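Chemist: Before we start, here is the structure in question, set down as structure tokens.
The values are calculated or read from the model by the stated rules, or taken from the named source; none is laboratory data. Fair warning: this is a prediction, and the values are worked out from it, not measured in the lab. Cβ sites come from the backbone with ideal geometry, for glycine too, and all protein chains shown count toward neighbours. Side chains are part of the model used for accessible areas, which takes the heavy atoms of the whole protein and leaves out ligands, DNA and RNA. Shrake-Rupley method; radii C 1.70, N 1.55, O 1.52, S 1.80 Å.
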Amino acid sequence: MLPENFMRQALDLARAGIGLASPNPCVGAVLVDDQGQVVGTGTHTYEGVKHAEVLALDAAGQRKGKRSRGATLYINLEPCSHQGRTGPCADALIAAGVKRVVAAMEDPNPKVSGQGFAKLRAAGIQVDVGLCAEDATRLNEAFTKYIRTGTPLVTLKAAMTLDGKIAPPPTEPQVPGIVAPSGGWITSEAARAHVQLLRHEHDAILVGVGTIVADDPLLTDRSGLPRRRKLLRLIVDSRLRLPHDSRIVRTAEDDVMVLCSFAEEKKKQALQALGIRVEQVPGVRPDSVPDLRGVMQRLGELQITSLLIEGGAKVNWAALVSGVVNKVFLYYAPKILAGTGSIPFAGGDGFLQMSDAAQVKNIRLHRFGEDFAVEGYL
């Protein structure tokens, strides 16, 4: 089997940790003996504690000095060299007699990046870096952002028509950003199923209270895939007007947080009595909505590495103009709403000059039947 095939297997094992590894990175490891046979594999999960390479060594019987000696390890992330919840994985590889390590990328943590490789090389182990690096980087982009800045990777998601409308005029019965005037969905079932996978990849989801009032959504991860922590459901609500009988309140289990800049004590206590967490984050101006940059700092303190924004036009614009958005995932259906009353993807003042417009780069296109999505980075 070609080296790239072993690395692809390691990446697949790493992807099995999505939803289970955060705030740690997703890591998969494949141990191959000198005959080219896979003798051990591992997937890191936060609750499992052990790192992927150690799990692969265990599977190969390294404690009895068996198949790991002289083997090659394929792994999507640099083995650690420091003491954390576990001992240094580089030391474990050296002790097991591994002769070669093929890694896709360095550890993005500035405090440790490259040190694991240096320790392995100092022990005489051959180290090769860069195989399938692009895929490995994308897989752990949220961890990279979080470990370097202390704030989550922020993805702005929306579903819209070809002319950029997320809902018909508000005089029609509809669900902004999701349901058309007839009561039908803007996007297809396949696209909506993918949204659940996107939610599964994130630690938290954020909307404005207006979306709760108008739509009464659950904002849950309905992918059916396992996750260690429930999707944290965040609501920007400057005046604490979250309806107490909304579905998100009725289903709250310490996974719903209201973000406000000023909390009226009586309203705050009433929400807390219903199991809602209320966090005060200063606004850009007194009595304004919470500063989204401050929100990101607070989420970082809570070890939230990735945030999905599914807001309406106001929240989308606030996110863009604040500069917190790192990437977009925009779903388009082959429909045209037209009209000045239809709700645009982003409201507000908008960028006043083309040179000020948010630039989306490194674009990928995805197809969902007749629908498509644009994924890109700001």
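Chemist: Just give me the residues in the stretch 341-378 being acidic (Asp, Glu) and at pLDDT 95 or above, in sequence order.
Modeler: Of the stretch 341-378, the ones acidic (Asp, Glu) are 349, 356, 370-371, 375.
Once the filter is applied, which keeps residues that are acidic (Asp, Glu) and at pLDDT 95 or above, the stretch 341-378 yields Glu370, Asp371, Glu375.
Each row is one residue, and each column tells you yes or no for (1) farther than 15 Å from Ser238 by Cβ; (2) surrounded by 18 or more Cβ atoms within 10 Å (Cβ to Cβ); (3) not acidic (Asp, Glu).
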{"site": "Gln269", "(1), (2), (3)": "yes, no, yes"}
{"site": "Leu274", "(1), (2), (3)": "yes, no, yes"}
{"site": "Glu279", "(1), (2), (3)": "no, no, no"}
{"site": "Val315", "(1), (2), (3)": "no, yes, yes"}
{"site": "Val325", "(1), (2), (3)": "yes, yes, yes"}
{"site": "Val328", "(1), (2), (3)": "yes, yes, yes"}
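Chemist: Out of the residues in the stretch 201-230 meeting the condition of being out of contact with any Ser or Thr (no Cβ under 7 Å at 6 or more places or on another chain) and among the β-branched types (Val, Ile, Thr), tell me which one is most open to solvent (accessible area, probe 1.4 Å).
Modeler: Going through the qualifying residues, I end up with Val213.
Chemist: Oh, and also: Can Gly36 be described as at pLDDT 95 or above and part of a loop (DSSP other than H, G, I, E, B)? Write out each step before concluding.
Modeler: Values: at pLDDT 95 or above: no; part of a loop (DSSP other than H, G, I, E, B): yes.
No: the conditions fail for Gly36.
Chemist: Also, quick follow-up: Among the residues of the stretch 320-331, is there at least one that is in contact (Cβ under 8 Å) with a residue 12 or more places away in the chain and among the basic types (Lys, Arg)?
Modeler: Our first condition is that a residue be in contact (Cβ under 8 Å) with a residue 12 or more places away in the chain; within the stretch 320-331, this holds for 320-331.
With the extra rule that they be among the basic types (Lys, Arg), the set shrinks to 327.
There is at least one residue in the stretch 320-331 that is in contact (Cβ under 8 Å) with a residue 12 or more places away in the chain and among the basic types (Lys, Arg).
Chemist: A further question follows. Go through the stretch 112-129 and give me each residue that's within 26 Å of Thr149 (Cβ to Cβ) and either aromatic (Phe, Trp, Tyr) or without any contact (Cβ under 8 Å) to a residue 12 or more places away in the chain (or both).
Modeler: Scanning the stretch 112-129 gives a single hit, Phe117.
Chemist: For the stretch 9-35, which residues satisfy the criterion of being over 15 Å from Pro226 (Cβ atoms), surrounded by fewer than 18 Cβ atoms within 10 Å (Cβ to Cβ) and touching a strand residue (DSSP E or B) at 6+ places or on another chain (Cβ under 9 Å)?
Modeler: Asp12, Asp33, Asp34
Chemist: Right, something else. Can you tell me which residues in the stretch 330-357 are hydroxyl-bearing (Ser, Thr, Tyr) and open to solvent by less than 60 Å² (accessible area, probe 1.4 Å)? Write out each step before concluding.
Modeler: Let us first name the residues in the stretch 330-357 that are hydroxyl-bearing (Ser, Thr, Tyr), namely 331-332, 340, 342, 355.
Once the filter is applied, which keeps residues that are hydroxyl-bearing (Ser, Thr, Tyr) and open to solvent by less than 60 Å² (accessible area, probe 1.4 Å), the stretch 330-357 yields Tyr331, Tyr332, Ser342.
Chemist: Looking at (1) over 18 Å from the mean Cα position of the chain (by Cα); (2) over 20 Å from Arg15 (Cβ atoms); (3) of a type in the set (A, V, I, L, M, F, W, C); (4) surrounded by 14 or more Cβ atoms within 10 Å (Cβ to Cβ), can you tell me which one Ala122 breaks?
Modeler: Condition (4) is where Ala122 drops out.
Chemist: For the stretch 231-247, how many residues are assigned to a loop (DSSP other than H, G, I, E, B), within 14 Å of Ser261 (Cβ to Cβ) and either of a type in the set (Ser, Thr, Tyr) or open to solvent by less than 90 Å² (accessible area, probe 1.4 Å) (or both)?
Modeler: Looking only at the stretch 231-247, we keep the residues that are assigned to a loop (DSSP other than H, G, I, E, B), and these are 231, 237-246.
If we keep only those that are within 14 Å of Ser261 (Cβ to Cβ) too, we end up with 237-241.
If we keep only those that are either of a type in the set (Ser, Thr, Tyr) or open to solvent by less than 90 Å² (accessible area, probe 1.4 Å) (or both) as well, we get 237-238, 240.
Within the stretch 231-247, residues that are assigned to a loop (DSSP other than H, G, I, E, B), within 14 Å of Ser261 (Cβ to Cβ) and either of a type in the set (Ser, Thr, Tyr) or open to solvent by less than 90 Å² (accessible area, probe 1.4 Å) (or both) number 3.
Chemist: Scan the stretch 34-49 and give yes if some residue there is touching a helix residue (DSSP H, G or I) at 6+ places or on another chain (Cβ under 6 Å), more than 23 Å from His200 (Cβ to Cβ) and aliphatic (A, V, I, L, M), otherwise no. Full working, then the answer.
Modeler: Of all residues in the stretch 34-49, those touching a helix residue (DSSP H, G or I) at 6+ places or on another chain (Cβ under 6 Å) come to 40-44.
Checking which are more than 23 Å from His200 (Cβ to Cβ) leaves us with 40.
Of the ones still in play, those that are also aliphatic (A, V, I, L, M) are none.
Looking for residues that are touching a helix residue (DSSP H, G or I) at 6+ places or on another chain (Cβ under 6 Å), more than 23 Å from His200 (Cβ to Cβ) and aliphatic (A, V, I, L, M), one finds none in the stretch 34-49, hence no.
Chemist: Here's something else I'd like to know. Give the residue, chosen from Leu206, Leu219, Leu225, that is assigned to a loop (DSSP other than H, G, I, E, B), closer than 24 Å to Val278 by Cβ, in contact (Cβ under 8 Å) with a residue 60 or more places away in the chain and hydrophobic (A, V, I, L, M, F, W, C).
Modeler: On the way: Leu206 fails: assigned to a loop (DSSP other than H, G, I, E, B); Leu225 fails: closer than 24 Å to Val278 by Cβ.
Answer to the selection: Leu219.
Chemist: Return yes or no: is Leu308 at negative phi and modelled with pLDDT under 95? Don't jump to the end; show me each part of the working.
Modeler: On the way: at negative phi: yes; modelled with pLDDT under 95: no.
Here the answer is no, as Leu308 does not meet what is asked.
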